[in-house]
Amino acid sequence: MSSAEFDFLNWINAQHRPATSIVVPPGDDLAAINWPTGELLLVGVDQVLDQFHFDSAIHTPRQIGRKVMNRNLSDCAAMGALPAVAVTTAALPKGIGLDYAKELYLGLRDAADPFDCPIVGGDTASWDGRLLLTVTILGRSAGIDPITRSGAKVGDSIYVTGPLGGSILGRHMTFEPRVNLARDLAATGGVHAMIDISDGLSRDLDHICRLSKVGAIIDAASIPIHEDARKMNDDRSPLEHALSDGEDHELLFTGKLKSLPAGVVRIGQIVAGAEIKITDATGTHPLIAYGWQHTL
Ligand SMILES: [Mg+2]
C-alpha cells in the first residue's frame, strides 16, 4: 500500500461514527455487524463507470459518490428494505489526488447518512484506467417482507411515485431514493410487486410482468411526465421520454392502495395474459419495451 493510500484509509476510518449496530468498526480485516434476530438480510451491489454512468469531466466527485450510493439505496427502496450498512470499492485513476478521493467518499456519506447507513469497509486501488466505483449494500427487512418483482396479481392497479422522463438533463445524478415512501407503502400491505425505475418505465414494467406472469394496460394520459421530458427537444415526444428514459429511480409498483400518498399516481392495471398495452386517444396499442438498454 502506498503512503497516499494509507493516509486515505486512515482519514476514512477517522470519519466513522460509532453506531450500536457495529461491533467491530472499519479498520480491521472485516467489520462485524449486529444483526437483529428474525430479520432477513438483503444484499445487492451496483457500480458506476466513468463515461457511462457519469462524466468525470462534468460531474463533481461529490455528485459521483452520491449517485452510486443512491442507486443502492434505491434498490433497498424497491424491496421495501431498510438500508443497514454499505461497503465500497474505488478504482482511482493514477494521480487523481487525495482531495478528489475524499470528495468521492463524502458523496457516498451525503447519500447514506440520512438513512443511518454506515460505510463499514472498502478497498481502493490506483490504475491507468478510468474512475470506477462500486457499492455493496446490506439491507434489513425490519418487519416488512421483501417486495419482489414477481408478486403482481391480475386486478392490481399500477402506480408510480413521481414524474418521469428526461433524467439525463441532471436528475440521474441528483435523484432521491424513495426508501421512506417505499416502507410506508409496503407497511399498508397493499403493495404486491415493486421495482425502482432504472431502465425506463416500459422496460421495468416488462420486468414485473414477465416475472409475475401477467399483462398490463397503462393509460397514456395518466403517466406523470417530468418537465425535463418536455425540454429534451429531440424527435421523441415527452410521453416517449417518460416511457423509455432510464435512471428516474422513482418506484413502479402494483397492488391495491386505499389512499394515494402525495406524488403517487395510478397509471394502469394488471391484466391476465402476457401483453403490455397502452391506451391513448386513438385506442389501445401494444407497448414496446424500448427503455434504456444496458450497452455492453
Ligand atoms: Mg433496481
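The values are calculated or read from the model by the stated rules, or taken from the named source; none is laboratory data. Keep in mind that what you see is a predicted model, and the values were worked out from it rather than measured. Here the Cβ positions follow ideal geometry from the backbone for every residue, glycine too, while neighbour counts run over all protein chains shown. Just the protein is used for accessible areas: all its heavy atoms, side chains included, with ligands, DNA and RNA removed. Shrake-Rupley method; radii C 1.70, N 1.55, O 1.52, S 1.80 Å.
Can you tell me which condition Met69 does not meet? The list is (1) out of contact with any helix residue (DSSP H, G or I) (no Cβ under 9 Å at 6 or more places or on another chain); (2) under 29 Å from Tyr159 (Cα atoms); (3) of a type outside the set (Ser, Thr, Tyr); (4) open to solvent by less than 50 Å² (accessible area, probe 1.4 Å), and all the others hold.
Of everything listed in (1) out of contact with any helix residue (DSSP H, G or I) (no Cβ under 9 Å at 6 or more places or on another chain); (2) under 29 Å from Tyr159 (Cα atoms); (3) of a type outside the set (Ser, Thr, Tyr); (4) open to solvent by less than 50 Å² (accessible area, probe 1.4 Å), Met69 misses just condition (1).
Given the conditions (1) surrounded by fewer than 18 Cβ atoms within 10 Å (Cβ to Cβ); (2) modelled with pLDDT of 95 or more; (3) closer than 23 Å to Phe52 by Cα, which single one is not true for Asp235?
Going through the list (1) surrounded by fewer than 18 Cβ atoms within 10 Å (Cβ to Cβ); (2) modelled with pLDDT of 95 or more; (3) closer than 23 Å to Phe52 by Cα, Asp235 breaks only (2).
Among the residues of the range 115-145, write down those that are farther than 20 Å from Ala91 by Cβ, aliphatic (A, V, I, L, M) and not in a strand (DSSP E or B).
Ala142, Ile144, listed by residue number.
Counting only residues that are touching a residue at least 60 places away in the same chain (Cβ under 8 Å) and not small (Gly, Ala, Ser), which one in the range 120-135 is farthest from Trp11 (Cα to Cα)?
Arg130
From the list Ala77, Ala86, Ala112, which residue is in a helix (DSSP H, G or I) and within 16 Å of the ligand (Cβ to nearest atom)? Before you say what the answer is, go through the steps one by one.
Working: Ala86 fails: in a helix (DSSP H, G or I); Ala112 fails: within 16 Å of the ligand (Cβ to nearest atom).
Step by step, each of Ala77, Ala86, Ala112 is checked, and only Ala77 is in a helix (DSSP H, G or I) and within 16 Å of the ligand (Cβ to nearest atom).
Taking Met79 as the residue in question, decide whether it is open to solvent by 40 Å² or more (accessible area, probe 1.4 Å), within 29 Å of Gly151 (Cβ to Cβ) and under 15 Å from the mean Cα position of the chain (by Cα).
Details: open to solvent by 40 Å² or more (accessible area, probe 1.4 Å): yes; within 29 Å of Gly151 (Cβ to Cβ): yes; under 15 Å from the mean Cα position of the chain (by Cα): yes.
For Met79, the condition - open to solvent by 40 Å² or more (accessible area, probe 1.4 Å), within 29 Å of Gly151 (Cβ to Cβ) and under 15 Å from the mean Cα position of the chain (by Cα) - is met.
Restricting the search to the range 102-119, which residues are touching a Ser or Thr at 6+ places or on another chain (Cβ under 9 Å) and either free of Cβ contacts under 8 Å to residues at least 24 places away in the same chain or surrounded by fewer than 19 Cβ atoms within 10 Å (Cβ to Cβ) (or both)?
Once the filter is applied, which keeps residues that are touching a Ser or Thr at 6+ places or on another chain (Cβ under 9 Å) and either free of Cβ contacts under 8 Å to residues at least 24 places away in the same chain or surrounded by fewer than 19 Cβ atoms within 10 Å (Cβ to Cβ) (or both), the range 102-119 yields Glu103, Asp116.
Among the candidates Ala91, Ala32, Ala86, single out the residue that is of a type outside the set (Ser, Thr, Tyr), free of Cβ contacts under 8 Å to residues at least 40 places away in the same chain and under 21 Å from Asp123 (Cβ atoms).
On the way: Ala91 fails: free of Cβ contacts under 8 Å to residues at least 40 places away in the same chain; Ala86 fails: free of Cβ contacts under 8 Å to residues at least 40 places away in the same chain.
Answer to the check: Ala32.
What are the residues in the range 216-242 that are over 20 Å from Leu169 (Cα atoms) and in a helix (DSSP H, G or I), if any? Reasoning before the result, please.
Taking the range 216-242 and keeping what is over 20 Å from Leu169 (Cα atoms), we get 216-222.
Within the range 216-242, Ala220, Ala221, Ser222 meet the criteria.
Might you let me know whether the range 4-17 holds any residue that is over 20 Å from Ala125 (Cβ atoms) and modelled with pLDDT of 95 or more?
No.
Out of the range 160-215, which residues are open to solvent by less than 10 Å² (accessible area, probe 1.4 Å), part of a helix (DSSP H, G or I), over 17 Å from Gln269 (Cβ atoms) and away from the ligand (no atom under 15 Å from the Cβ)?
The answer is Met173, Leu185.
Which of the residues that make up the range 55-77 are under 16 Å from Tyr105 (Cα atoms) and either modelled with pLDDT under 95 or of a type in the set (Ser, Thr, Tyr) (or both)? Lay out the reasoning, then the answer.
Restricting attention to the range 55-77, the residues satisfying the condition of being under 16 Å from Tyr105 (Cα atoms) are 56, 59-73.
Selection gives Ser56, Thr60.
What number of residues within the range 21-54 are closer than 15 Å to Thr89 by Cα, open to solvent by 50 Å² or more (accessible area, probe 1.4 Å) and more than 22 Å from the chain's Cα centre (by Cα)?
Final tally of qualifying residues: 3.
Residue-by-condition table, conditions (1) within 25 Å of Ala84 (Cα to Cα); (2) more than 15 Å from the chain's Cα centre (by Cα); (3) basic (Lys, Arg):
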{"position": "Ile137", "(1), (2), (3)": "yes, no, no"}
{"position": "Arg140", "(1), (2), (3)": "yes, yes, yes"}
{"position": "Ile147", "(1), (2), (3)": "yes, no, no"}
{"position": "Ala152", "(1), (2), (3)": "no, yes, no"}
{"position": "Ile158", "(1), (2), (3)": "no, yes, no"}
{"position": "Pro163", "(1), (2), (3)": "no, yes, no"}
{"position": "Gly170", "(1), (2), (3)": "no, yes, no"}
{"position": "Phe175", "(1), (2), (3)": "yes, no, no"}
